[in-house]
Amino acid sequence: MEHIKLLILGSGPAGYTAAIYAGRSGLTPVIYEGLQPGGQLTTTTEVENFPGFAEGIDANELMDSMRQQALRFGADIREAMAVRTDLSAAPYHIWFDDASEVTCDSLIIATGASAKYLGLADEEKYRGQGVSACATCDGFFYRKKRVAVVGGGDTACEEASYLAGLAEKVYLIVRKPYLRASQIMQERVLNNPKIEVLFEHNTLGLYGNDGVEGAHLVFRKGEADERCFDLPIDGFFLAIGHKPNSGIFLPWVKTDETGYIITEGASPRTGIPGVYYAAGDVADPHYRQAVVAAASGAKAAIEAEKYLATL
Ligand code: NDP
C-alpha cells in the first residue's frame with residue numbers, strides 16, 4: 001500500500017494553501033480534491049473581499065490560481081474522495097471512493113462544509129429539476145423565470161440578489177419575522193424591486209409534473225392565523241446554512257454538536273498526538289471566509305512540518 005508523508009484532504013482555500021506551504025517546505029504533499037475541486041468558493045461568482053485583488057476576482061479563477069501555485073511547489077493533486085479513515089494511531093489509514101487506500105504520517109483535514117437541505121422528500125425528488133443549493137451554479141437556467149430562495153442569512157440574501165439579476169421574480173422565504181443577514185445585505189434585498197420577502201413562511205413541499213412548478217407554503221405555522229397556499233415557481237434554492245464534512249473522521253476527532261471539528265484554541269491542532277490537523281470550514285462555525293480558511297491551511301502546514309521534522 002502507498003505510504004504518504006503528508007496527506008491533505010480537500011481542495012478549498014484551506015487545502016490548497018496547506019499544499020502551497022507544505023510544498024515550499026519540500027514535503028511534496030499529496031492532496032485529494034474530493035467531490036468539489038476548488039471547494040465551496042467555486043459555487044460563487046465574484047470574490048470581492050480576498051485581499052490582493054483590488055477589483056475583485058472570479059472565484060473559479062482564484063481557486064485555479066491557488067491550484068496552480070500548489071502544483072508549482074510540487075503538490076501531487078489527485079481526484080478521488082476519501083470515504084473512510086482509521087486515525088486510531090499513526091500511520092493513519094485512508095480509503096478512497098476509487099477503491100484505493102493509503103497510509104500517511106500526517107494528515108490535514110480540509111474537507112470543508114456542504115449546503116444543508118430542509119429534509120423534504122420533494123427536495124430529493126426534484127433535485128436537478130428545479131431544486132438547487134447554488135444560485136450561481138444554476139441561476140442561469142432561470143432567466144426570466146420565477147424562483148424562491150429559502151433562508152434569511154447572508155447567503156440567502158446574496159443568492160436572492162444574484163438571482164434577481166436573472167429571474168423575473170424572486171421570493172425570499174424566511175421562517176422568522178426578520179432577516180439574520182448583515183445590514184448591507186438586508187438593504188440590498190429589501191430595496192430590490194424584483195425580490196419579495198415572505199417573512200414567517202415555511203415550505204411544506206414542492207409540486208410539478210415535469211420539474212418544479214410551485215411550492216406548498218404555510219404562513220405562521222401553528223398560529224391562530226395559519227394559512228396554507230401554493231406559490232407558483234420554477235426554481236427552489238436552499239440557502240439555510242452548511243454542515244461540516246467531518247463524518248468520516250468520527251470517532252477519531254472531537255466535534256461540537258453540529259459536527260464542526262474542535263481544535264485547540266485558534267490553532268488547527270486536534271490535540272491528538274501523532275498528528276492530524278483540521279483547517280478551514282470543517283472546523284470553523286463562525287467565520288467561514290476564504291481568507292480565514294487559507295490562513296488555517298497555512299497554520300496546519302506549519303504544524304505538520306514541525307511534527308514531521310521530529311520523526
Ligand atoms: P446562517 O446560519 O447565517 O443563516 C441561515 C439562515 O437559514 C437563517 O436565516 C436561518 O433561520 C435559516 N434556516 C436554517 N434552517 C432553516 C430551516 N430548516 N428552515 C427555514 N430556514 C432555515 O447561514 P449563512 O449560510 O447565511 O451564513 C453563514 C455564515 O457565513 C455567516 O456568518 C455569514 O455572515 C457568512 N457569510 C458571509 C457572506 C459575506 O460576507 N459576503 C456571504 C455568505 C455568508 P433562523 O434565522 O430562523 O435561524
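The values are calculated or read from the model by the stated rules, or taken from the named source; none is laboratory data. Here the structure is a predicted model, which means the values were calculated and not measured. Note that we place each Cβ from the backbone using ideal geometry, even for glycine, and neighbour counts take in every protein chain shown. For accessibility, only protein heavy atoms count, side chains too; no ligands or nucleic acids. Shrake-Rupley method; radii C 1.70, N 1.55, O 1.52, S 1.80 Å.
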Would you mind counting up the charge near residue 233? Only other residues with Cβ under 12 Å from its Cβ, with Lys and Arg at +1 and Asp and Glu at -1.
-2
Skip the ligands, DNA and RNA, and give the accessible area per residue of the chain with a 1.4 Å probe, whole Å².
49
Extended-chain gain in nm, criterion 0.36 nm per residue less alpha-carbon gap, residue 48 and residue 243
67.8 nm
Starting from the Cα-Cα distance between residue 3 and residue 176, subtract it from 0.36 nm times their residue separation and give me the gain in nm to one decimal.
57.2 nm
Please work out whether the stretch 1-87 counts as rounded, prolate or oblate from its C-alpha gyration tensor, where a ≥ b ≥ c are the square roots of the eigenvalues and a/c under 1.5 means rounded, while otherwise a/b larger than b/c means prolate and anything else oblate?
oblate
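Between residue 99 and residue 76, how high is the FRET efficiency from 1/(1 + (r/R0)^6) when r is the Cβ-Cβ distance and R₀ = 22 Å? Nearest 0.05. Mind showing how you got there, number by number?
Values: r = 19 Å, r/R0 = 0.85.
For R0 = 22 Å, the calculated efficiency reads 0.75.
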Report, in listed order, any pair from 5/299; 116/169; 5/306; 243/306; 221/243; 144/194 with a Cα-Cα distance greater than 20 Å.
116/169; 243/306; 221/243
Lys/Arg +1, Asp/Glu -1 at C-beta; the chain dipole; positive extreme among 155, 115, 89
155
Which percent of the accessible heavy-atom area of the stretch 201-309 goes to carbon and sulfur, probe 1.4 angstrom?
52
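Could you tell me the calculated FRET efficiency between residue 60 and residue 114, based on Cβ-Cβ distance and R0 = 22 angstrom, to the nearest 0.05?
The pair residue 60/residue 114 has a calculated efficiency of 0.75.
State to the nearest 20 debye the size of the charge dipole of the chain about its Cα centre, where the only charges are +1 on K and R beta carbons and -1 on D and E beta carbons. Write out the running numbers ahead of the final one.
Details: 28 positive and 40 negative charges, 76 e Å.
Computed about the Cα centre, the dipole is about 360 debye.
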Any idea how far apart residue 200 and residue 24 come out in nm if each label point goes 7 Å out from Cα toward Cβ?
5.5
Between residue 257 and residue 127, how many nm apart are label points set 7 Å from Cα along the C-beta direction?
2.7
Give me the net charge for the shell around residue 76: Cβ to Cβ below 14 angstrom, other residues only, Lys and Arg +1, Asp and Glu -1.
+1
With a 1.4 Å probe and every protein chain kept in, tell me what percent of the accessible surface of the stretch 58-118 is carbon plus sulfur.
43
Within the chain, what percent of beta bridges assigned by DSSP are antiparallel, to the nearest 5?
45
Counting only DSSP loop positions in the stretch 38-87, the GluC sites (Glu not before Pro) whose Cβ has at most 13 other Cβ atoms within 10 Å are 48, 55, 79
